[in-house]
Amino acid sequence: MTQDELKQAVAQAAADYVAKHAPAGSIIGVGTGSTANFFIDALAPLKTQYRGAVASSEATKKRLEGHGITVFDLNEVEHIPVYVDGADEIDAGLNMIKGGGGALTREKIVAAVATTFVCIADGSKLVDTMGKFPLPVEVIPMARAHVARELVKLGGRPQERAGFITDNGNLILDVHGLSITDPKGLEAQINQITGVLTNGLFAVRPANVLLLGTSEGVKTIL
Ligand code: 5RP
């Protein structure tokens, strides 16, 4: 199976999960990226069962609306039973690196409100130790150089993502060379640097369920 076929399979499994676990009439949290896009397409035929969705990026909002799915502002929503999103890396504890698409902050906010985070990923994303994928950090533009110096002190090699501005008007520093043995600790430590909006470690709030696409089928890991 190709990587896209694996992504499509997990996206369909996530739509089935949502149909089973999210009460009729609820609002679904929707992530960002190519796997999340397949999920949006799989959710579309079921749209009459839900009130709508909360989007984690402008791109996701556009795709949802393209399918005729109502998109709510998060401030209007108190309860999101399920949030479905991809990941760049995920470990056995369901900690993740996210933000390859630059939507990490909004993804983290929607995930914080959701009861259940369902991560959808092809098998290549499951790793023993995270850090091979450069860790995205969203930074207020005037703090770029300061934050970069602090990230070097933590052992990383930050590189500004060229020509990229987030939906929040900020920059991304992609931090290379980290071997992340304490995801929760590092997440908190980086978030303490003045000028950081958030970083792409999702360990304080990891996924609850991983739907992993493999050539033997979709595996559910709790
Ligand atoms: C976007 C993300 C994505 O979930 C992550 O980059 C995975 O993307 P894809 O599904 O395209 O592999 O965090 O900010």
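The values are calculated or read from the model by the stated rules, or taken from the named source; none is laboratory data. Remember, it's a predicted structure, so these values are computed and weren't measured experimentally. Here the Cβ is made from the backbone with ideal geometry for all residues, glycine too, and neighbour counts use every protein chain on show. Quick note on the areas: whole protein, heavy atoms, side chains included, nothing else; ligands and nucleic acids left out. Shrake-Rupley method; radii C 1.70, N 1.55, O 1.52, S 1.80 Å.
Here the stretch 36-65 is the region considered, the condition is being surrounded by 15 or more Cβ atoms within 10 Å (Cβ to Cβ) and among the β-branched types (Val, Ile, Thr), and the residue that is nearest to Gly169 (Cα to Cα) is Thr60.
Among the criteria (1) of a type in the set (Gly, Ala, Ser); (2) away from the ligand (no atom under 16 Å from the Cβ); (3) touching a residue at least 40 places away in the same chain (Cβ under 8 Å), the one Gly163 does not fulfil is (3).
Hey, among the residues in the stretch 157-176 that are of a type in the set (A, V, I, L, M) and not in a strand (DSSP E or B), which one's farthest from Phe133 (Cα to Cα)? Among those that are of a type in the set (A, V, I, L, M) and not in a strand (DSSP E or B), it is Ile165.
The single condition among (1) surrounded by 15 or more Cβ atoms within 10 Å (Cβ to Cβ); (2) part of a loop (DSSP other than H, G, I, E, B) that Gly68 does not meet is (1).
Restricting the first member to the stretch 185-202 and to residues that are open to solvent by 30 Å² or more (accessible area, probe 1.4 Å), and the second to residues that are of a type in the set (Asp, Glu) and outside any helix (DSSP H, G or I), the beta-carbon pairs closer than 6 Å and six or more apart or on different chains are Leu197/Glu138.
Annotation: Ile28 fulfils all but one of (1) of a type outside the set (Asp, Glu); (2) open to solvent by less than 20 Å² (accessible area, probe 1.4 Å); (3) in a helix (DSSP H, G or I); the unmet one is (3). Pairs meeting the criteria (first residue in the stretch 127-144 and closer than 10 Å to Asp174 by Cα, second residue open to solvent by 70 Å² or more (accessible area, probe 1.4 Å) and within 16 Å of the ligand (Cβ to nearest atom), beta carbons under 8 Å, at least 6 apart or on different chains) are Glu138/Leu197. Quick one: in the stretch 105-156, of everything that is among the hydrophobic types (A, V, I, L, M, F, W, C) and assigned to a loop (DSSP other than H, G, I, E, B), which residue is surrounded by the fewest Cβ atoms within 10 Å (Cβ to Cβ)? Here the residue is Leu154.
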